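Heads up: the structure comes next, in structure tokens.
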Amino acid sequence: MKIAVIGYSGAGKSTLARQLGEAFGAPVLHLDAVGWSAGWRLRDVDEARSIVAAFLGAHDGWVVEGNWRKLDRGRRYAEADIVVMLDFPRGRCLWRAWRRYRSNRGAEREDMAAGCPEKFDLAFVRWILRDGRTRSERDRYERVAADFPDKMVVLKNSRDVAAFLESMREHARAEAEA
């Protein structure tokens, strides 16, 4: 199974990706860990693209999580069996990001690049509430949905995620038994 997970910051993309990876026994690639390097510096785009291409080519099944469209130029969407969009409200995303920060303050999460400790600053708050939800950002998600309508699953709240995850776990169990 190949699954792409996209959506707004703080919606739970990394958590869902890890859970899907566990369900299917598939490796998970967190694009934030590829796009950033130590000290919150952007990684060289060609190097990052190489990492993503190598990952996609090396595995029969995978979960790729993140919104970095320039790192694969849409390849993951074309190859994915399912594209999951987490479309949570701004306030919910802000709350989840704050809660994550409180749990991981100063630590490096496994879904981030080494040398990028958890942070919660004004720029990130602005990204969650405004800059990450501009018309052009929303258009980008809508283009993915329009280009891959048979693959797109939009989840708008935690209940949707729980139901989707349970159906995917059932699917993984059925695949394993076949």
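Among the residues of region 65-107, the ones that are open to solvent by 40 Å² or more (accessible area, probe 1.4 Å), out of contact with any Pro (no Cβ under 6 Å at 6 or more places or on another chain) and at positive phi come to 1 in all. Note on region 146-178: residues that are open to solvent by less than 90 Å² (accessible area, probe 1.4 Å) and either among the β-branched types (Val, Ile, Thr) or assigned to a loop (DSSP other than H, G, I, E, B) (or both) total 7.
Using the structure shown, decide if VAL45 is open to solvent by 20 Å² or more (accessible area, probe 1.4 Å), touching a helix residue (DSSP H, G or I) at 6+ places or on another chain (Cβ under 9 Å) and without any contact (Cβ under 8 Å) to a residue 60 or more places away in the chain. Yes. Residues that are under 28 Å from LYS2 (Cα atoms), open to solvent by 50 Å² or more (accessible area, probe 1.4 Å) and assigned to a helix (DSSP H, G or I) within region 108-138 comprise SER136, ARG138, listed in sequence order. Those residues that are surrounded by 19 or more Cβ atoms within 10 Å (Cβ to Cβ) and farther than 19 Å from GLY21 by Cα, I need them from region 48-64; list them, please. If the condition is that a residue be surrounded by 19 or more Cβ atoms within 10 Å (Cβ to Cβ) and farther than 19 Å from GLY21 by Cα, then ALA48 is the only one that fits.
Beta carbons closer than 6 Å, at least 6 apart along the sequence or on distinct chains, pair a first residue in region 126-139 that is modelled with pLDDT of 95 or more with a second that is open to solvent by 80 Å² or more (accessible area, probe 1.4 Å) for LEU129/ARG90. Is it true that TRP62 is touching a Pro at 6+ places or on another chain (Cβ under 8 Å) and touching a residue at least 60 places away in the same chain (Cβ under 8 Å)? Criteria met by TRP62.
The values are calculated or read from the model by the stated rules, or taken from the named source; none is laboratory data. Not measured: the values here are computed from a predicted model. FYI the Cβ positions are ideal-geometry reconstructions off the backbone, even for glycines, and counts take in every protein chain you see. SASA here: full protein model, heavy atoms, side chains in, ligands and nucleic acids out. Shrake-Rupley method; radii C 1.70, N 1.55, O 1.52, S 1.80 Å.
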